[in-house]
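**Student:** Before I ask anything, let me first share the structure, which is written out below as structure tokens.
We did not get these values from a lab; they are worked out from the coordinates using the rules stated. Worth saying up front: this structure is predicted, and the values here are computed from it rather than measured. Please note: Cβ atoms are built from the backbone with ideal geometry, for glycine as well, and neighbour counts cover all protein chains shown.
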Amino acid sequence: MTKQYVGNYALALFSVCKENSISIEEVYNELLAINGIFNDNAEFQLLLSSPTVTEEEKLDMLNEAFGGKMSDIVYDFMCVLTEKRMISVFSDICASFKSLYYDDINVVEAVVTTTVALSDVQKDKLKDKLKKQTGKDVILIEKIDEQLIGGIVVNYSDTLIDASLKTRLAEMKNSVDSVIA
């Protein structure tokens, strides 16, 4: 499936929510919950994607699992994805919806990779700096990677800031190699 199809489904759900004054936050939280269920029970998602299971059986399984346990819009959306054989890319659709939601509420998610956990003061300073650069509220997602040796890597939107020692050493190696070669 192309990313365009994934984006189209996410945008369609997002647009219906906006047009009908349905809480995008609540829909997003329901999508996250379903994504978690699919992550924990991959077999269930495979069954909903299987060509050997009839559409009626798939819809019955959806009803059994989710009927009355979520908003009508999300349940109907799950049925459409199942009928259109798009349920296999649900996590991608969920990620695309998240992007639309974050844009709507003026939030950017930044993945910060360091060798050790940042202090609260460091996190606050980084959030403030990124907020000034992006003009958006910032959600930090921290990752620890001892392979960086030191420094920090920040990835948000289409921006990568790599101030890691690992990258600096690789750049120096390449520089020395080009002089020697």
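**Student:** Treating the beta-carbon of each Lys and Arg as +1 and of each Asp and Glu as -1, no other charges, what is the dipole magnitude of segment 107-180 about its Cα centre, to the nearest 20 debye?
**Tutor:** Numbers: 11 positive and 12 negative charges, 45 e Å.
Dipole of segment 107-180, to the nearest 20 debye: 220 debye.
**Student:** So how tilted is helix 90-104 from the main axis of the chain? Cα-based, degrees 0 to 90, rounded to 10.
**Tutor:** 70
**Student:** Then there's this: Got a sec to turn the phi values of segment 174-181 into Karplus ³J(HN,Hα) couplings, 6.51 cos²θ - 1.76 cosθ + 1.60 with θ = phi - 60°, whole Hz, x for Gly and Pro?
**Tutor:** 4, 5, 5, 4, 6, 6, 6, 6
**Student:** Test of understanding: ordering 140, 32, 130 by Cβ neighbours within 10 Å, fewest first, what list do you get?
**Tutor:** Details: 140 16, 32 13, 130 22.
Starting with the residue having the fewest Cβ neighbours, the order is 32, 140, 130.
**Student:** Right, another one. Need one number: convex hull volume per residue for segment 3-103, Cα atoms only, in Å³.
**Tutor:** Numbers: hull volume 9.2 nm³, N = 101.
Value for segment 3-103: 91 Å³ per residue.
**Student:** Helix-only estimate, please: 222 nm mean residue ellipticity of the chain, summing -39500 (n - 2.57) across DSSP H runs of length 4 or more and dividing by its residues, to the nearest 500.
**Tutor:** Details: 8 runs with 112 residues, N = 181.
Counting only the DSSP helices, I get -20000 deg cm²/dmol.
**Student:** Determine the dipole magnitude for the chain: charges of +1 sit on the beta-carbon of Lys and Arg, -1 on that of Asp and Glu, nothing else is charged, the reference point is the Cα centre, and the result goes in debye to the nearest 20.
**Tutor:** Values: 18 positive and 29 negative charges, 196 e Å.
Here the chain has a charge dipole of around 940 debye.
**Student:** Where the centre of each part is set by its Cα atoms, how far does segment 42-61 sit from segment 85-117, in angstrom?
**Tutor:** Answer, in whole Å: 26.
**Student:** Can you sort 37, 73 by how many other beta carbons sit within 10 Å, fewest first?
**Tutor:** Working: 37 13, 73 17.
The fewest-first ordering by Cβ neighbours comes to 37, 73.
**Student:** Which of the pairs 3/98; 143/166; 58/84; 18/98; 18/131; 123/166 have their Cα atoms more than 18 Å apart in this structure?
**Tutor:** 18/131; 123/166
**Student:** Report the Cα-based extents of the chain along its three principal axes, largest first, to the nearest Å.
**Tutor:** Principal-axis extents of the chain (Cα, largest first): 66, 39, 28 Å.
**Student:** Nearest 10 degrees, 0 to 90: what angle lies between the long axis of helix 24-40 and the longest principal axis of the chain (Cα atoms)?
**Tutor:** For 24-40 against the chain, the angle is about 90 degrees.
**Student:** Could you pull out every residue, at least 5 positions away or on a different chain, whose amide H is within less than 5 Å of the one on residue 152? Hs are placed 1.01 Å off N in the peptide plane, and Pro or chain starts have none.
**Tutor:** Those qualifying (amide H under 5 Å, at least 5 residues apart or on another chain) are 163, 164, 165.
**Student:** I need to check one value: relative contact order of segment 99-173, counting alpha carbon pairs closer than 8 Å and at least 6 residues apart, in percent. Can you show the working numbers first?
**Tutor:** Values: 110 pairs, mean separation 26.7, N = 75.
36 percent.
**Student:** Could you list 59, 13 in order of exposure, starting from the residue whose Cβ has the fewest other Cβ atoms within 10 Å? Intermediate values should be presented prior to the final figure.
**Tutor:** On the way: 59 16, 13 25.
The fewest-first ordering by Cβ neighbours comes to 59, 13.
**Student:** Hey, another quick one. Report the rotationally averaged projected area of segment 111-158 based on its alpha-carbon convex hull, in square nanometres.
**Tutor:** 3.3
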